[in-house]
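As structure tokens, the structure follows; a few thoughts come after it.
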Amino acid sequence: MSIIYRKNAGIRNVLCDMNSLLTKFLFTCFLQLILCFPIFAQISILGRLKDANENSPIEYGSVGLYDRSDSSLVAGTVTEPDGKFELTKVKPGAYYLLIQFMGYDPYVMEELALSPGQSLDLGTITLSPNEQLLEMVEVSGTRFTTMHQLDRQVFESSEFRSGQGGTAIDLIRNLPSVSINAAGELSVRGSTGFVIMLNGKPVQSDPSVILGQLPANAIKNIEVVTAPSARYDPEGKAGIINITTEKGATDGTFVQLNTRIGAPSIQDYDNRKKPQRYGADFTLNHRKGDWDISLGASYLRNDINGRRIGDVYTIRGDTTTRFPSEGERGFDEEAYSGRFTVAYTPDANNEFSLGFYGGIRGKDRTADILYYDNHAEIGGERLYSMQYFNENLRIRRSDFALGSFDYTHTFDNESSISSSFLYEYTMLGGPTTNRNLGFPNTDRIYQDEYNTNDNPLHGIRWQVDYESKPTPWGIIETGYQFRNLDHQGDFVYERRNNETGEFELVPEFSSNVELTRVIHSGYGQLTGQKSKWDYSIGVRMEYMDRELLLQDKSNTVDSLYTYDFLLPYPSASIQYKLGEDTRLKGAYSRRVERTTTFKMNPFPEREHSETLEQGDPTLLPEFIDLVETGLVRDLGENSVYGTAYYRHVKNLVNRVNTVYNDTILNRIYSNVGSGRSIGMEVGLELNPSKKWKVFAGGNLYRYRIRGSFDDRPINNAAWVYSINANTSFDFSSTFSAQWSVNYLSDRITAQGEDSDFLSPNLVLTKTFMNDRLNASLQWLNMDMGLLRTNEQRISTWRENEFYTTTNYVLEVDMVLLNLSYTLNPSRDKSRFIKSEFGEKEF
């Protein structure tokens, strides 16, 4: 039998969903630009500041214009993140120009004559590092944790000490817009759909998996881009998190060694195995002349013990079946990885880069649960009662290898063109064993099932980008990207025949799946700066063609599901400087959240004794519209900011439940309608003294889900909030303490709610050997039997059908010692590639 399902969004979607909100916003942006036109007639001086050795932009460089007659300062500014600067409203006359940045030799243009109406473009100006000054200078004072740019917030990773020695997750969980739950899932403004970028390169992968393998010590900054521009991939309904690694300024060798050792568990969760927590990683970067070589490897063992306490009842006709349970819920995680990158820069105009990345990772989830009172009743009268023990082990493995090649050419007029190619092969898979045994006599086998899968994935990404030289309007950027994904899956489900003892194939749960997805996209964008205005406006056009082929093991069903669309993704950002310390910002961005193969596979997979999990082959991507506006205010050494936002999600995907039989629920991924969030994000940075610092952020929003599932309406709404705060105190220049807390309130889902989640942490840090050796003692998930830490309850229900609630109680009061040694800490230039496709499915 052959079934063909086709859904073509086509070009008619191009003009859909361009509501009046977008029209008004873009009209406002254009109006503001038009109002700036009279400024263009003023005398202006343009330029860009770069590092002479690295050919990289220098941010916050000081640019001063002085009167030659008396050396008085006439005009001044600081350079932008891309090194650009502009002096405006300058009167005609004779001047000299002085450009400075700490640690570099100054640049002086001694004779500068300006005429009325003149616009002088100085092109690229380079500063050379002053090695002697770098070694002698000692920086004092306070550095802001957060920097606010036109389209992003930039956070200094070194300010979040609870993450040092750990992974990127330990750092990111402290950001104001980010929250984490008991499963370790990160979300931005309540959404788990965000994309990771590493040093500006997009990575289409599961954020929790990627960030869980990236050593925190290698991270310099974390950038949160909630309303990305058209130059970026449109994926991720919550935007982009870009991670930048440490970079140096001169030739030399950088070496960093990190180790992590965990103390034995303080709490006993009656798990079979004692958790093991240890790891090590190293990064080596050598830069000499035209060559830049980076090498790195890591190993991490991070087990967590815990308990699972649940209660479920189902209603079928006049019969109610109830099966409360309690037992082990622990994780054993292990990951190896190796990375190598070599870059060659033969001259100032050309750069080549070749990178490889490979590794093995695994996550074993043990859920050995006792169903101690499984019974059915009619009208309060029991029909039967029994107890049984469910032995459940889910093993998830991933072996991967990928390589990339990049080339960048900078023209003499400052325009540039770059190209990047990436290929990835990933083998995903792993078995799940599920055995229902008698209790207390576990030798009796009621049911023994085994399901496994092999999921080879091939992914290709190629893109080319062009950036024009600066024009009176700004910089014009254009580009094209091609992506191809081929993901196959061989799912085998077997059940033991209790009479013969042999395992037999269950065809209705076994399948072959193949997903192919081809994406072509191109973009154009204008970014500029005039007087007090910064602006960016652009559009990205994308064509996607998706095919999903399904075959069951009995060869009775051969189904092909196709879906394609052509859509624009417009974006606009604008910022106005009210003064030296105050900025107003506004932005609009349209995004997409694509569905993974797992969420589209309709063949059920047995996850627990009480749960089947399956996808929907007709699942549509989520389309997101985001509008935000904010204010940033610096108050001396203190800072405060607030951002109001509105996000609308079309084709919202949620995991919903139906009753499969009396004691099994079926989890299904489905488009349940639309989601809407209206909220406010705030951040506060205080420095009461030179030794004491406070950083706090919060997010409050009203979330509504409206739609339907299985012919039943869904209309849920609630207020949600999260708080991330830390305070640090320096007892001396080498010894400090930091206490942090992460809190996430209750949240609604399409069929229920997730409870709140709390995680307080304390870190003591001591440095030795001129800051080369760093030791930190972490007390994670502080509880002491007084708090409900690292614990979360998930509940779902459907009137007159089922109710399920599960409380996940994970390990608290964990103590870890981290040691980090760095050789030549100012010289790190390591640049590694990351997975593009496979880690999203893991």
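Where a number appears in this text, it was derived from the coordinates with a stated rule and is not lab data. All values reported here derive from a predicted model rather than from experimental measurement. Backbone-built Cβ (ideal geometry, glycine too); neighbour counts: all protein chains shown.
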Sum up the charges of everything whose Cβ sits under 12 Å from the Cβ of residue 466, counting Lys and Arg as +1 and Asp and Glu as -1, but leave residue 466 out.
-1
Taking the beta-carbon count within 10 Å as an exposure proxy, list 712, 594 from fewest neighbours to most.
712, 594
Cβ under 14 Å from residue 378's Cβ, residue 378 left aside: what net charge do those residues give with Lys, Arg +1 and Asp, Glu -1?
-1
Using Cα pairs closer than 8 Å and at least 6 residues apart in sequence, work out the relative contact order for the stretch 609-739, in percent.
19
Listing 678, 196 by rising number of other beta-carbon atoms within 10 angstrom, fewest first, gives 678, 196
Hey, can you grab everything whose amide H is under 5 Å from the amide H of residue 665? Only 5+ residues off in sequence or another chain; H modelled, so Pro and N-termini drop out.
611, 612, 660
Entries in 274/599; 50/530; 50/91 that, when Cα-Cα distance is taken, lie over 30 Å
274/599
Go through the stretch 314-319 residue by residue and turn each phi into a ³J(HN,Hα) via Karplus (6.51, -1.76, 1.60, θ = phi - 60°); whole Hz please, and just put x for glycine and proline.
10, 10, 10, x, 9, 9
For residue 288, give me every one of the aspartates and glutamates with a C-alpha distance below 15 angstrom, ignoring sequence neighbours fewer than eight places off in its own chain.
54, 251, 347, 351, 828
Cα extents of the stretch 42-136 per principal axis, largest first, Å, are 42, 27, 17
Fewest first, what order do 79, 319 take by the number of other Cβ atoms within 10 Å?
319, 79
Report the local net charge at residue 512: Lys and Arg +1, Asp and Glu -1, summed over other residues whose C-beta lies under 11 Å from its C-beta.
-4
Diffing the stretch 749-761: the Karplus 3J(HN,Hα) column from phi (6.51, -1.76, 1.60, θ = phi - 60°), in whole Hz with x for Gly and Pro, holds 10, 5, 10, x, 7, 10, 6, 6, 9, 10, 8, x, 9
Per-residue HN-Hα couplings for the stretch 263-274 [Karplus 6.51, -1.76, 1.60; θ = phi - 60°; Hz; x = Gly/Pro]
6, x, 4, 8, 8, 10, 10, 6, 8, 4, 10, 7
